[in-house]
């Protein structure tokens, strides 16, 4: 059986890895869309430039990256608040306010959702567009 400390360590590791993967996938999707936009000649990607889905895909990728930033900002504020409250406490222990924690978790999940939707959407655009 694992201890509470081991679970916390695993959560920190997993959160960091998920965040890294979100950034990589979002930037990869942006690179694919960029390749579509700059394609020329008889490249099969040229026909995909007419897709009206490309701008919302870019928006979702940028949104995922903004949510990633906000996730870490909320985490910082939560830790800062917890530290401040602990320093003012007699027992030198405290929890951050619930609002900071809620924003931290909300942005963590929102960035994953935005990135996943963008990745699936760009795959659909590629699949349908290149089948023609």
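When peptides 13-19, 23-29 are sorted by average Cβ neighbour count within 10 Å, with the highest value leading, the order is 23-29, 13-19. Potential lengthening of the chain between residue 27 and residue 59 amounts to 10.3 nm, from the contour at 0.36 nm per residue minus the alpha-carbon distance.
Across the chain, the mean sequence separation of Cα contacts (distance under 8 Å, 6 or more residues apart), normalised by length, yields a relative contact order of 32 percent.
Can you give the helix-only mean residue ellipticity at 222 nm for the chain, where every DSSP H stretch with n ≥ 4 adds -39500 (n - 2.57) and the sum goes over all residues, rounded to the nearest 500 deg cm²/dmol?
Numbers: 3 runs with 104 residues, N = 132.
That comes out to -29000 deg cm²/dmol.
Find how many whole Å separate the alpha carbon centroid of the range 1-27 from the alpha carbon centroid of the range 103-132. A separation of 20 Å, based on Cα centres. Applying 0.36 nm per residue to the separation of residue 124 and residue 50 and subtracting their alpha-carbon distance, the gain on full extension is 25.2 nm.
Report the equivalent ellipsoid semi-axes for the chain in whole Å, largest first, defined as the square roots of five times the eigenvalues of the gyration tensor built from alpha carbon atoms.
Numbers: eigenvalues 346, 43, 20 Å².
Working from the Cα gyration tensor, I get semi-axes of 42, 15, 10 Å.
Here the extension length gained between residue 73 and residue 19 equals 18.1 nm, from 0.36 nm per residue of separation less the Cα-Cα distance.
Using the average count of surrounding beta-carbon atoms within 10 Å as a protection proxy, the listed peptides 96-103, 119-126 rank, highest first, as 119-126, 96-103.
None of the figures in this text is laboratory data; all of them are computed from the coordinates on show. Bear in mind the structure is a predicted one, so any value in this text is a computation, not a measurement. Note: ideal-geometry Cβ built from the backbone for every residue, glycine included; neighbour counts use all protein chains shown.
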